[in-house]
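The values are calculated or read from the model by the stated rules, or taken from the named source; none is laboratory data. Everything quoted here is computed from the prediction, not taken from an experiment. Neighbour counts run over all protein chains shown; Cβ positions are idealised from the backbone, glycine included.
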Amino acid sequence: MASAPVWLEHESSLRHDTGEHPERAARMQAIERELSARDWVGFERVQSRAVDRAVLEAVHPAGYVASIERACQGGGGFLDLDTVVSPDSFEAALHAAGGAVQMVEMLLDGTAPYAFSAHRPPGHHATRAQAMGFCLFNSVAVAARYALDVRGSGRVMILDWDVHHGNGTNDIFHDSNQVLFVSIHQSPLYPGTGPASDVGAGDGRGFTVNLPVPPGSDDLVFCSLVDRVAVPLAREFAPQLLLISAGYDAHREDPLGECRVTEQGYADMTRAMRQVGEELGAPVGCVLEGGYALGALATSVAATLAGLQEPVAAAAVSGRDDGAAPRVVDAALERLSEWWPALR
Ligand SMILES: [Zn+2]
């Protein structure tokens, strides 16, 4: 099979009807329009399968999965203040998780060198048994679990650059030393979790890395945290797979966040992860999370695809902030050196 970069999608994403809601089908349509105008930047479009129920239930208890199915079959409605489902939402969520799993399958099989799984609803706020923050099933967690349990990967790294803390992913792998979860998120902001002091528990201590940043944080802050914290952590942890919870609500135009990341920032963060992935022989896959300014979402996704694809320019990812490291970077390095001495 040809080894082309892959874009995973499914039309059920458009049928997850949330009504007047920031997380709406128009998000997918905006991305499609932008990528279509760029001829999909060389990515091959693949229709995703629904997730295998056993793979889904390795993360989410069967009773919880059934409760989501029932809520949708019953006509839908609000599961909490901001998480709403419609009759087709269950199918959409099965494909969102299924797309992430299929992406991992293709990456680990070597049929795609890098890939992007773009579906609705997003996933990173969903805990094992609770839908929240527009999320039903934690697609990136299900995909990581699949890599570990079914494919025998020993170590998976998840970088979450959505402006909100990925509390669901954080909780699901809280006591695992097989998943290194690194989250850059605005604080204070919904859902209020993810302080720097939350480093995981038990065997997983040091494998949950929370990097809260203040409102107004820009490309320099996000990219420095990736270059100087996430990348060195990846080198130490040596994952067999790199997943990115790719939300775009840290963009300066986003109505839900107050950060100031630009398309260039997303391209640079992506390139840095792809470069370290190449060093380690770990493929890189992105899973769409948030992003609510339609134009910025679409152009930022396009920038990510470009970052995955462009030949790596070493100068672009190192030496960005010589001598002027944001304080958040130094604080993170200091804290993390307890578990990761090489970061000292
Ligand atoms: Zn978000």
- request: Find all pairs meeting these conditions: Cβ atoms under 8 angstrom apart; at least six residues apart or on different chains; first residue within the stretch 288-299 and more than 15 Å from G257 (Cβ to Cβ); second residue within 11 Å of the ligand (Cβ to nearest atom).
  value: L288/P122; L288/A246; L288/G247
Filtered residues of the stretch 152-185 (kept if among the charged types (D, E, K, R) and over 20 Å from M273 (Cα atoms)): D171, D175
task: Name the residue, out of T270, T304, T299, that is at pLDDT 95 or above and farther than 24 Å from L211 by Cα.
output: T299
statement: Within the stretch 33-80, residues being touching a residue at least 24 places away in the same chain (Cβ under 8 Å) and among the acidic types (D, E) number 4
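Only one residue in D254, D227, D249 is outside any strand (DSSP E or B) and either away from the ligand (no atom under 16 Å from the Cβ) or on the phi > 0 side of the Ramachandran plot (or both). Which one?
D227
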- prompt: Is it the case that some residue within the stretch 125-132 is within 28 Å of T262 (Cα to Cα) and in contact with a Phe, Trp or Tyr (Cβ under 9 Å, 6 or more places away or on another chain)?
  reply: yes
- request: Please identify the pairs in which a residue from the stretch 115-129 that is more than 12 Å from the ligand (Cβ to nearest atom) has its Cβ atom under 9 Å from the Cβ atom of a residue that is basic (K, R), counting only partners at least 6 apart or on another chain.
  value: R120/R24; R120/R27
statement: Of all helices (runs of 4 or more DSSP H) fully inside the stretch 46-157, the set with 1 or more residues that are buried (at least 23 other Cβ atoms within 10 Å of the Cβ) and out of contact with any Lys or Arg (no Cβ under 8 Å at 6 or more places or on another chain) is 53-56, 89-109, 139-149
- line: Of the residues in the stretch 263-295, those that are away from the ligand (no atom under 16 Å from the Cβ) and out of contact with any Lys or Arg (no Cβ under 6 Å at 6 or more places or on another chain) number 20
task: Hey, could you check the stretch 172-207 for residues that are within 13 Å of the ligand (Cβ to nearest atom) and not in a loop (DSSP other than H, G, I, E, B) and say which is farthest from C286 (Cα to Cα)?
output: Q186
message: Going by what's in this entry, would A26 be described as farther than 28 Å from D171 by Cα, surrounded by fewer than 21 Cβ atoms within 10 Å (Cβ to Cβ) and touching a Leu at 6+ places or on another chain (Cβ under 8 Å)?
response: yes
message: Could you check the stretch 194-217 and list, in sequence order, the residues that are surrounded by 17 or more Cβ atoms within 10 Å (Cβ to Cβ), in contact with a Ser or Thr (Cβ under 9 Å, 6 or more places away or on another chain) and on the phi < 0 side of the Ramachandran plot?
response: D198, V199, G204, F207, T208, V209, N210, L211, P212, V213
- line: Residue count, the stretch 230-246, condition outside any loop (DSSP other than H, G, I, E, B), in contact with a helix residue (DSSP H, G or I) (Cβ under 8 Å, 6 or more places away or on another chain), away from the ligand (no atom under 15 Å from the Cβ) and not basic (K, R), comes to 9
- request: Hey, can you tell me all the residues within the stretch 158-171 that are under 14 Å from the mean Cα position of the chain (by Cα) and either in a helix (DSSP H, G or I) or closer than 13 Å to P239 by Cα (or both)?
  value: I158, L159, N167, G168, T169, N170
